[in-house]
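Novice: Can you read through this structure? Questions will come right after.
The values are calculated or read from the model by the stated rules, or taken from the named source; none is laboratory data. These numbers come from a predicted model, not from an experiment. Every residue, glycine as well, gets a Cβ built from its backbone with ideal geometry; the counts of neighbours run over all protein chains shown. The protein model used for the area step is the full one, side chains on, heavy atoms only, and it has no ligands, DNA or RNA in it. Shrake-Rupley method; radii C 1.70, N 1.55, O 1.52, S 1.80 Å.
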Amino acid sequence: MAIRFLEEKDIKRIIEIYSYYIENTTVTFEYTVPSYDEFKTRFNKIQENYPFIVYEEKGVILGYAYASKQNERMAYSWNCSLSVYLDKNSTGNGVGVKLYSTLLDILKIQGYFNAYALVTVPNEKSFSLHKKMGFELESINKNTGFKFEKWIDVAQWKKTLRDFEKPTTTPLGINDIDKDLIYKIFGKYSK
């Protein structure tokens with residue numbers, strides 16, 4: 001088992017995992033599977049400031065998770081949004097917990113205060129994961145997305161990562177964090 005940063009060589013596998021959710025579920029509101037180049041652009045943009053990680057077992061990626069900007073306005077700089085996607089055959093075995101735990105530990109080091117996640121309703125597995133990870137359900141936005149000929153509700157979950165004090169700086173970019181600290185976190189959850 002290994003948790004590590006996503007590498008360009010992983011993009012094809014990540015698209016395989018994600019495409020299932022696009023084509024068969026309302027978990028994501030995307031209608032079409034992004035091309036390799038589109039996903040590579042997304043990956044590069046995210047990794048400029050945020051962690052984008054994968055969980056690999058016996059050379060096969062079983063899931064991935066990443067953080068991204070929660071909102072464009074400066075006052076939101078201490079918040080981030082999270083996403084996690086697992087191979088459809090790898091749910092319910094702790095992979096999501098390991099990915100989220102790793103991601104949250106890194107985000108704390110970066111200096112984030114709040115982590116948010118949007119989850120379509122219904123999605124019991126994701127609700128269970130967020131409850132287990134200490135997220136609180138903040139709201140359910142009714143009829144906020146339309147996919148597969150139906151309106152879909154979206155729940156917003158929040159986890160506070162640190163005590164609310166006056167920040168001394170905006171969060172550090174992922175490339176500004178000591179790599180040894182990150183590798184220790186990877187090792188902690190790769191057991």
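Novice: Out of the residues in region 84-94 that are at pLDDT 95 or above and open to solvent by less than 30 Å² (accessible area, probe 1.4 Å), which is nearest to residue 69 (Cα to Cα)?
Specialist: 85
Novice: Related question: Can you name the condition, by its number, that residue 146 falls short on among (1) surrounded by 10 or more Cβ atoms within 10 Å (Cβ to Cβ); (2) within 24 Å of residue 69 (Cβ to Cβ)?
Specialist: Unmet condition: (2).
Novice: Also, I was wondering about something else. Scan region 33-63 residue by residue and report those that are under 19 Å from residue 96 (Cα atoms) and crowded, with 16+ Cβ neighbours inside 10 Å.
Specialist: Listed by number, the residues that qualify are 50, 51, 52, 53, 54, 55, 56, 61, 62, 63.
Novice: Of all residues in region 1-20, which are open to solvent by 30 Å² or more (accessible area, probe 1.4 Å) and either of a type in the set (S, T, N, Q) or part of a helix (DSSP H, G or I) (or both)?
Specialist: 8, 9, 12, 13, 16, 20
Novice: Quick one: is residue 126 touching a residue at least 12 places away in the same chain (Cβ under 8 Å), among the polar types (S, T, N, Q), open to solvent by less than 70 Å² (accessible area, probe 1.4 Å) and farther than 17 Å from residue 55 by Cβ?
Specialist: Taking the combined requirement at face value, the residue does not satisfy it.
Novice: Starting from region 170-185, keep only residues that are in contact (Cβ under 8 Å) with a residue 60 or more places away in the chain and at positive phi, then list their pairs with residues that are among the charged types (D, E, K, R) and part of a helix (DSSP H, G or I) whose Cβ atoms are within a distance under 7 Å, requiring at least 6 positions of separation or different chains.
Specialist: Short answer, once both residue conditions are applied: none.
Novice: Of the residues 118, 161, only one is modelled with pLDDT of 95 or more, open to solvent by 50 Å² or more (accessible area, probe 1.4 Å) and among the hydrophobic types (A, V, I, L, M, F, W, C); which?
Specialist: Within the list 118, 161, the selection yields 118.
Novice: Still on this structure, please answer the following. Check residue 105 against each of (1) over 16 Å from residue 28 (Cβ atoms); (2) open to solvent by 40 Å² or more (accessible area, probe 1.4 Å); (3) touching a helix residue (DSSP H, G or I) at 6+ places or on another chain (Cβ under 6 Å) and name the one condition it does not meet.
Specialist: (2)
Novice: In region 129-141, how many residues are hydrophobic (A, V, I, L, M, F, W, C) and buried (at least 20 other Cβ atoms within 10 Å of the Cβ)?
Specialist: 2
Novice: Quick one: what pairs do we get from region 131-145, first residue of a type in the set (A, V, I, L, M), second part of a helix (DSSP H, G or I) and open to solvent by 70 Å² or more (accessible area, probe 1.4 Å), C-beta under 9 Å, 6+ apart or different chains?
Specialist: Note: pairs meeting the criteria are 137/131.
Novice: Sticking with this one: Which of the residues belonging to region 64-82 are under 10 Å from the mean Cα position of the chain (by Cα) and buried (at least 18 other Cβ atoms within 10 Å of the Cβ)?
Specialist: Once the filter is applied, which keeps residues that are under 10 Å from the mean Cα position of the chain (by Cα) and buried (at least 18 other Cβ atoms within 10 Å of the Cβ), region 64-82 yields 64, 65, 66, 67, 80, 82.
Novice: Taking residue 104 and the conditions (1) under 20 Å from residue 138 (Cα atoms); (2) in contact with a Pro (Cβ under 7 Å, 6 or more places away or on another chain), which numbered condition does it fall short on, given that it satisfies the others?
Specialist: (2)
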